[in-house]
Amino acid sequence: EDQVTQSPEALRLQEGESSSLNCSYTVSGLRGLFWYRQDPGKGPEFLFTLYSAGEEKEKERLKATLTKKESFLHITAPKPEDSATYLCAVRGSSASKIIFGSGTRLSIRP
Amino acid sequence: DTEVTQTPKHLVMGMTNKKSLKCEQHMGHRAMYWYKQKAKKPPELMFVYSYEKLSINESVPSRFSPECPNSSLLNLHLHALQPEDSALYLCASSQAGGGAETQYFGPGTRLLVL
């Protein structure tokens, strides 16, 4: 059965303090791994799609990387506006839908 | 443009009411999705339409009835809901429903059932 585990559940950082969020997955035949950002009461906002181990993508202060077992979302010099819940999801070759992790709630203090 | 729109933004309804949620996209996507999300939980898939045909129903109670009038529109008809159905209802779309296409989400409808 496909599984996605995100850690930590919550992370509080000082503005400018870089860190990483982890997404560990178990899936038969990864078709794609997705990162979303979600603000309270709003829909998830697409960030990145990664397809194969070794792939990396960047957007502003965010960088997503992928290995055969996990993905990291690196956040460099975060700002308070980066505070949100970050969701990871995967699609396996035998699955008919994407599977979401429980998310990491990121809080950046000024 | 990667915009999915949803109306209304907020909805309060009684358990005997009938209401509908609407979703629209103009990206030429051929797969559309309904998700339900409770506070501090990830989205849960409810329905998938692929090429305007219902392809997945995640054992959702019949008080939720989806409809896909055309490739750009998706509705969710609500009838005789329960208070536990209060949640954020999200619509999403993707190019097609069979692979690893990215799903783009709308802003959601916040539903409160009294």
Rounded to 5, the percent of DSSP beta bridges in chain B classed as antiparallel
90 percent
Across peptide A:94-107, what mean number of C-beta atoms from other chains lies inside 10 Å of a residue's C-beta?
3
Let me spell out the model: positive unit charges on the Cβ of Lys and Arg, negative unit charges on the Cβ of Asp and Glu, origin at the Cα centre of chain A. What dipole size does that give, in debye rounded to 20?
140 debye
For the protein assembly as shown, give the magnitude of the charge dipole about the Cα centre (Cβ charges: +1 Lys/Arg, -1 Asp/Glu; no others), in debye to the nearest 20.
380 debye
Whichever lysines have a C-alpha closer than 21 Å to that of B:Lys36, once near sequence neighbours (fewer than 8 apart) are set aside:
A:Lys42, A:Lys97, B:Lys9, B:Lys18, B:Lys19, B:Lys22, B:Lys53
Cysteines in the protein assembly as shown that, by Cβ-Cβ distance, have no pairing candidate under 4.7 Å:
B:Cys68
Roughly how many Å² is the accessible area per residue of the stretch A:1-89, as a whole number, for a 1.4 Å probe?
51 Å²
Which whole-number percent is the relative contact order of chain B (Cα, under 8 Å, 6+ apart)?
37 percent
Leading residue at positive end of dipole, the stretch A:1-82 (Cβ point charges), from A:Phe34, A:Thr5, A:Ala53
A:Ala53
Taking a probe of 1.4 Å and leaving out DNA, RNA and ligands, chain B shows per residue an accessible area in Å² of 48 Å²
Nearest 100 Å² is fine: how much accessible area is buried between A and B, summed over both sides, with a 1.4 Å probe?
1600 Å²
Sequence-separation-based contact order of chain A, relative, with Cα cut under 8 Å and 6+ spacing, percent
37 percent
With every protein chain in place, the residues of the stretch A:14-51 shedding 30 Å² or more of accessible area versus the chain by itself (probe 1.4 Å) are A:Arg31, A:Phe34, A:Tyr36, A:Gln38, A:Gly41, A:Gly43, A:Pro44, A:Phe46
At least 10 Å² accessible surface lost relative to isolated chain, residues of the stretch B:44-71 (1.4 Å probe):
B:Leu45, B:Ile56, B:Glu58
Rounded to the nearest percent, how much of the accessible area of the protein assembly as shown (1.4 Å probe, protein heavy atoms only) is carbon and sulfur?
48 percent
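The values are calculated or read from the model by the stated rules, or taken from the named source; none is laboratory data. Small disclaimer: the values here were computed from a predicted structure and weren't measured. Positions of Cβ are backbone-derived with ideal geometry, glycine not excepted, and every protein chain shown enters the neighbour counts. The area values use the complete protein model at the heavy-atom level, side chains included, leaving out ligands, DNA and RNA. Shrake-Rupley method; radii C 1.70, N 1.55, O 1.52, S 1.80 Å.
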